[in-house]
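Have a look at the structure below, then the notes.
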Amino acid sequence: METVYGEKEALDDALTSVKTATGNYNTFSNECVHENVRNVMLKILEQEHEIQDDVFKTVSYTHLRAHET
């Protein structure tokens, strides 16, 4: 039987995934020996935080909209 996920489940999963990614990139950047690699990891971490913010705002908006109906 195929499971179909709704918008809420998909967005919650996206938020969890982005949180995990930011945690991983933070760890990687802290453990880099080479400055160039560390700088790349920090740039990716910054981009992941921007994505996380976008996803969080979308999740928040979706949850608020669901309670209006």
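Cβ separations smaller than 6 Å between residues 6+ apart or across chains give the following pairs from segment 1-14 residues that are closer than 10 Å to residue 59 by Cα to residues that are in a helix (DSSP H, G or I) and among the aliphatic types (A, V, I, L, M): 11/59; 14/55.
List every residue pair whose Cβ atoms sit under 8 Å apart, with the two residues 6 or more apart in sequence or on different chains, where the first one lies in segment 18-43 and is touching a residue at least 24 places away in the same chain (Cβ under 8 Å) and more than 23 Å from residue 58 (Cα to Cα) and the second, anywhere, is of a type in the set (D, E, K, R) and in a loop (DSSP other than H, G, I, E, B). Close Cβ pairs satisfying both conditions: none exist.
Residues in segment 16-41 that are crowded, with 16+ Cβ neighbours inside 10 Å and either in contact with a Ser or Thr (Cβ under 8 Å, 6 or more places away or on another chain) or not polar (S, T, N, Q) (or both): 18, 21, 25, 28, 41.
Can residue 57 be described as open to solvent by 40 Å² or more (accessible area, probe 1.4 Å), touching a helix residue (DSSP H, G or I) at 6+ places or on another chain (Cβ under 8 Å) and modelled with pLDDT of 90 or more? No; evaluated as a whole, the condition is false for this residue.
To keep it simple, each residue is scored yes or no on (1) more than 29 Å from residue 65 (Cβ to Cβ); (2) part of a helix (DSSP H, G or I); (3) out of contact with any strand residue (DSSP E or B) (no Cβ under 6 Å at 6 or more places or on another chain); (4) acidic (Asp, Glu).
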residue: 5; (1), (2), (3), (4): no, no, yes, no
residue: 18; (1), (2), (3), (4): no, yes, yes, no
residue: 33; (1), (2), (3), (4): yes, no, yes, no
residue: 37; (1), (2), (3), (4): yes, yes, yes, no
residue: 51; (1), (2), (3), (4): no, yes, yes, no
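The values are calculated or read from the model by the stated rules, or taken from the named source; none is laboratory data. Here the structure is a predicted model, which means the values were calculated and not measured. With ideal geometry, Cβ positions are generated from the backbone for all residues, glycine too; neighbour counts draw on all protein chains shown. The area values use the complete protein model at the heavy-atom level, side chains included, leaving out ligands, DNA and RNA. Shrake-Rupley method; radii C 1.70, N 1.55, O 1.52, S 1.80 Å.
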